[in-house]
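Report on one structure; see the data block that follows.
No lab work stands behind these numbers, since they all come straight from the coordinates. Computed from a prediction, not measured in an experiment: that's the story for all the values here. FYI the Cβ positions are ideal-geometry reconstructions off the backbone, even for glycines, and counts take in every protein chain you see.
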Amino acid sequence: MSSALATLKPLPSLVALVLAGGQSRRMGTDKALLPWQGEPLLSRTCRAALACTSQVYVVTPWREQYRSILPATVDLWPEPPTLEPDGKRPGPLMALASVVAELANCDLAHRPQWVLALACDLPNLDGTALQRWAEHLATLSPSVMAYLPQSQGRWEPLCGFYRVACVASWNAYLATGKRSFQGWLHQQSVAMIPDVNPAWLMNLNTPDDLADGQGS
C-alpha cells in the first residue's frame, strides 16, 4: 500500500491526480519544472486543481525534485520508476490505474467516487472552470465512466474526471497489453464537458509549443 494513503482525509467525492511521470523526450527537459509566467507548470496545475478539491496528489517517480515547488497542501504519490521493454515509461493510463486501484480499496470514509486526472503541463487551466465541471458530476448517469472535454473530435483524457469504479475496466484493458487512453475511451460511456475554452486544454510537448504559447 502506498504511503500516500496515510495522508488521505475523509472525502467522499473527488481526489485530483496530477501526472508528472513522463520523460519529456520531445521537450528535451522536464516539462513539470518549466516556468510559465514565473511559476513552474506543475505548481500552476496543482493550484488549479485545488480550486475543486482539497485532496491533490502529484503522481511521479521523482518526488524529491518536485516537493519544493508544490503548494503546501499538495501531497506526492510515489509511482514506481519502472520502464517498458522499449525503455519508455508505461504511460498515463497505467499510472492512473495503479493509484485508483489503491483508492478503490480504501475504507468508505476515505474512498472517493471520482478522480480528476490532469497532465502537469496545462498552463492555461482555469480553476474556476474545474470547479464548475466538478459540480456536474452528481448529475451524471451511473453508467457514465468519464466526464471529459473534446478537442478536434478527440477526447482529452488528462483534463477530466473518471469514476473510481472504472479501475476494473482499466486493469482488464491493460492486461491485454494495450496502453491507449483513446482506445479504452472508445469502449466506454463518456459524457462530454460542454463549453470548454480551447485555450484551457493547451499543453506543451516541444520547445516550439512553449515558444508559441508564451508568445500568444
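Quick notes
- Cβ-based exposure ranking for TRP155, TRP77, in which fewest neighbours within 10 Å come first: TRP155, TRP77
- Order of SER54, SER141 under a 10 Å beta carbon neighbour criterion, fewest first: SER141, SER54
- Fewest-first ranking of GLU135, GLU156, using other Cβ atoms within 10 Å as the exposure measure: GLU135, GLU156
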